[in-house]
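Remarks on the structure that follows.
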Amino acid sequence: MRIGINCGHTATGPGSGAVGILNESLETRAVGYALMEKLRGLGHTVIDCTNDLASSVSSNLSQITALANAQKLDAFYSIHFNAGGGRGSEVYTMGGEDVLNTARILESLSQLGFPNRGIKEGANLYVIRRTAAPAALIEVCFVDNEEDASLYQRLGPEQIADAICRGITGTNPEEKEELTMTQYQELKAAIDALTQKVQELNTPMIYNYIDENMPEWARASVKKMVDKGILKGDENGLGLTESDLRHIVWNDRAGLYD
Ligand SMILES: [Zn+2]
């Protein structure tokens, strides 16, 4: 299958996710990227439909669907965490129907201890409505609920991704065999890189102005984005992290701001 996975909202700034005991933007990436690996391990083609940086919520949503609709997908899943009272997992689909094995995904999450809140009508959600492929939006659990957050933290994103993968495919993700030394080193390097990414998200070096403090390699691209009105700061400045800067430069090189 060709499966599109979207790690919820932007990583930071406009369009970013809910923050409670857990940070939605961060955890959707932890779960989503683990899920992508597991699906690939089972032989599926996975397209990452995550948009890290946007000037607004609507720009974030349209960039996500553009990523999803850039090729033919058999299925599109958007990973989210809920907020605002309640606990447990729920899924949104068109008409609230059990498509894309959503009932099995919820069952699989409830086996981990998250109450099953059911499949709900998602026709009013942009990514459900505007994605060409059949789509489902998964709310793993509530970021602002004590029990949900502590269960999530106890289990960790790998186990959540395992459960979602089992739900989607009906197959257990590959058992990890004993690691060779080389595999272990590779894994450790990957985990170190991810840890660094997480640290960067938690304690980002923030660039608010296009000045000598901002790395030179990023200034021209950021200025272009600001000049074109794609990027707007607030009274505190632009609020860009190192990873934002890298994305801006990549997108600029790809001609997105021309
Ligand atoms: Zn969300």
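Ordering Leu155, Leu137, Leu125 by Cα displacement along the dipole of the range 92-192 toward the positive end leaves Leu125 in first place; charges were set at the Cβ atoms of Lys, Arg (+1) and Asp, Glu (-1). Each Cα pair of the range 101-157 feeds into the Kirkwood radius, which the Stokes-Einstein equation turns, at 37 °C and 0.692 mPa s, into a diffusion coefficient of 258 µm²/s. Extension gain for the segment Arg154 to Ser110, taken as residue separation times 0.36 nm less the Cα-Cα distance, is 14.4 nm to one decimal. Taking Cα centre as origin and charging only the Cβ of basic (Lys, Arg, +1) and acidic (Asp, Glu, -1) residues, the dipole magnitude of the chain rounds to 700 debye. The residues of the range 2-169 have, on average, 38 Å² of accessible surface per residue, using a 1.4 Å probe with all protein chains present. With angles folded into 0 to 90 degrees, how steeply does helix 157-169 sit against the dominant principal axis of the chain? Use alpha carbons for both and round to 10. So the inclination is approximately 60 degrees.
Would you mind giving the three semi-axes, in whole Å and largest first, of the ellipsoid equivalent to the chain according to its Cα gyration tensor?
Result for the chain: semi-axes of 31, 22, 19 Å.
At the listed q of 0.13, 0.15, 0.16, 0.21 Å⁻¹, the Debye profile of the range 1-126, built from one uniform point per Cα, gives log10 I(q)/I(0) equal to -0.54, -0.73, -0.85, -1.50.
Over all other residues within a Cβ to Cβ distance under 10 Å of Tyr207, the charged ones net out to -2, with Lys and Arg as +1 and Asp and Glu as -1. Between the Cα long axis of helix 24-41 and the first principal axis of the chain there is an angle of about 60°, rounded to the nearest 10.
Run the accessible area of the chain with a 1.4 Å probe and give the carbon-and-sulfur part as a rounded percent.
Carbon and sulfur together cover 51 percent of it.
Note on the range 1-57 and the range 68-114: Cα centroid distance 13 Å, given to the nearest whole angstrom.
Length gained on full extension, Ile206 to Leu194: 2.4 nm, using 0.36 nm per residue less the C-alpha separation.
The values are calculated or read from the model by the stated rules, or taken from the named source; none is laboratory data. Everything numeric in this text was worked out from a predicted model, so none of it was measured. Here the Cβ is made from the backbone with ideal geometry for all residues, glycine too, and neighbour counts use every protein chain on show. Surface areas here come from the heavy atoms of the whole protein model, side chains and all, with no ligands, DNA or RNA. Shrake-Rupley method; radii C 1.70, N 1.55, O 1.52, S 1.80 Å.
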